[in-house]
Amino acid sequence: MNTLLYALFEALRRHRWLRMLACAFVFTSLGNGLTQVVIFGLLLSWKAPASLLTVAYLFATLPGFIGSLIGEKLCRVYSPVHLLILTELLGLTALLFPLLGIHYHSVTALLAVQSTEALLTGMSWPALTLLFKRALTTAELPAATCLENVIFASQVLLGMGLGIVLFDYLSVLTLLAIDAASFVGSLVMLSLAGSALTLTATDPVKITTPEPLHWKKLSRRQKRSLLLLPALAAVGAPAMALLPALAQHINPTNAAGLALPLLFARSLGQLCGPMMMNRDSLPRYANRNRPLLTCLSIFLLAYGLLPLFAGVQTAALGMIFVAHLASNIVFAAGTYGVLSHFETLQVSAASGKAWRWQTFSASVFTCFAATLASTLGAVQALYIVSASALIIVAAVMARYRE
C-alpha cells in the first residue's frame, strides 16, 4: 500500500506528538463544525437572502489574510506549539459571539464568529506548516499533507455531521456547550503534543534576515507551489459560497434540510480525495498542469449539474461528493508543494503568503458571486464566476508549467 492514508498511519505510529496533535485538531474540527451548523442553521431559519449567505462565506475567509500575517510574524518569536495553543484559547473565547447573536437576534454577531474563526485559522496555518517541516523527515511530508486534509475535512465530517443529527433535537445553547468542551479537549491534547516534541521542533524560528520572499528570486517550481492554493480558491470559493443559496434554489421549502447534508457530502469528498492518492503521484500533480486542470474541471462540472437535480437529493449529494473529491486533490498538491519546495527558514513565510493569496483570491471571486447572486440568482452566478475563474487559472498555470 502506497496511499497517503497509509503514509499517515505510518507517521502516526512513529510519532507520539503527531498522534496528540491529530487528536487536538479533531477536537477543534468538531467544535468548528458545530459552530458552522449553528451559524448557517440560524441564517437559513431567519430566511436570510442568498446574497447574505454568500457574504457569510466571505466573512469566514477574508480575515484569514490578516491572520496569516500575524501568524507568520509570531512564528519568529514563539514556538509553533505555543502559537497553536494561543489560537485555541482565542477560539474558545470567540464562542461569546454566537451567544450574543442568539440573544439579540443579531446577524452581525453571527458573522463576527465566522470572521474570528477565519482570523485564527490564518494565524495557525504558518505555525502548523512550520511544525510539520521541522519535526518530520522529507519522506514523511506526504503524511503531513494527508493530515492537513483530515483536519480540513473533519470540521464537517465530525462537527457538521454531529450537528446535522442533533440540530433538531438539542437547543443551540447545548450545541455551543459541546463546542466549548471540544476546545478544552484540544488545549489538553496540544499541551501533551508540546511535551512530547523535541526542543528543536518547538523552538521559535531564529530568522536573522527578516526580508520577505521575493518573487523574482523564487524558482519556477516555488512560484507554481505558491499559486496552486489561490488557483483552487478562485474556482472553488464561489461555488462553495453559493452552496447554501443553491440549496434554496433546489428546495425552497426545506433549504436547511438540504443545505446541511450537502455540506456534509462536501467534506466527505474533501477527505476521501487525497487519501486515495498514491503518495508518489503528489509531485506529478504539484508540477504538471493537465491533472490539476482536469480536477478543477470535474469540480466545476459537478457543481454546474447540481441545479438539474432539483428534488433528487441523492443525486445532488453525489455531485457534491465528486466535486470535492477532485478539488482536494489540488489542495493536497498545493500544501505538499509548499512543504517540499521551500527550506525550513522559508516555509512559514511561504505558507503564510500562499494562505493570503488564497484568501484574497477567494474573497475577490466570492464578491463577484455575491453581487451576481443578488441580481441574476445563484445558479447564473455560479456558471459565470466559476467558469471565468477556470479560464483565468488555466492561463496563469500555463505561464508557470514545468
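Restricting region 303-402 to trypsin sites (Lys or Arg not before Pro) that sit in a DSSP loop and have at most 13 other Cβ atoms within 10 Å of their own Cβ leaves R401.
Using C-alpha pairs below 8 Å separated by at least 6 residues, the relative contact order for the chain is 29 percent.
At 1.4 Å probe size, with every protein chain present, just tell me what the per residue accessible area of region 265-372 comes to in Å². Numbers along the way, then the final one.
Working: 3950 Å² over 108 residues.
Heavy-atom accessible area per residue stands at 37 Å².
Let's test the formula: R0 of 30 Å, r as the Cβ-Cβ distance of A387 and V312. What FRET efficiency results, to the nearest 0.05? Don't jump to the answer; show the numbers that get you there.
Values: r = 24 Å, r/R0 = 0.78.
After rounding, the FRET efficiency stands at 0.80.
Cut-off 10 angstrom, C-alpha nodes, Gaussian network model of the chain. Which of L268, L12, L242 fluctuates the most? Maximum fluctuation in the GNM of the chain, among the listed residues, is at L12.
In whole percent, how big is the carbon plus sulfur part of the accessible area of the chain, probe 1.4 Å, protein atoms only? Before the final figure, lay out each step's value.
Values: 10850 of 16040 Å².
Within the chain, the accessible surface is 68 percent carbon and sulfur.
Taking the Cα centroid of region 225-241 and of region 269-306, what is the distance between the two, rounded to the nearest whole Å? What the calculation gives is 12 Å, centre to centre. Take region 58-114 with all the other protein chains still there, run a 1.4 Å probe, and you get 47 Å² of accessible area per residue. With a Förster radius of 35 Å applied to the C-beta separation of S106 and A181, the computed FRET efficiency comes to 0.90.
Using heavy-atom solvent-accessible surface (probe 1.4 Å) with all chains present, what is the largest-first order of I39, I384, I164, I391? Before the final figure, lay out the partial values.
Details: I39 0, I384 80, I164 50, I391 120 Å².
Largest accessible area first, the list is I391, I384, I164, I39.
Protein-only accessible surface at a 1.4 angstrom probe places the residues W355, W215, W17 in the order W215, W355, W17, largest first. Solvent exposure of Y285, expressed as accessible area, is near 40 Å², computed with a probe of 1.4 Å over the protein chains only.
The values are calculated or read from the model by the stated rules, or taken from the named source; none is laboratory data. Every value quoted in this text rests on a predicted model; they were computed, and no experiment measured them. All Cβ positions, glycine included, derive from the backbone under ideal geometry; neighbour counts span all protein chains shown. Surface accessibility is based on the protein's heavy atoms, side chains included, excluding ligands, DNA and RNA. Shrake-Rupley method; radii C 1.70, N 1.55, O 1.52, S 1.80 Å.
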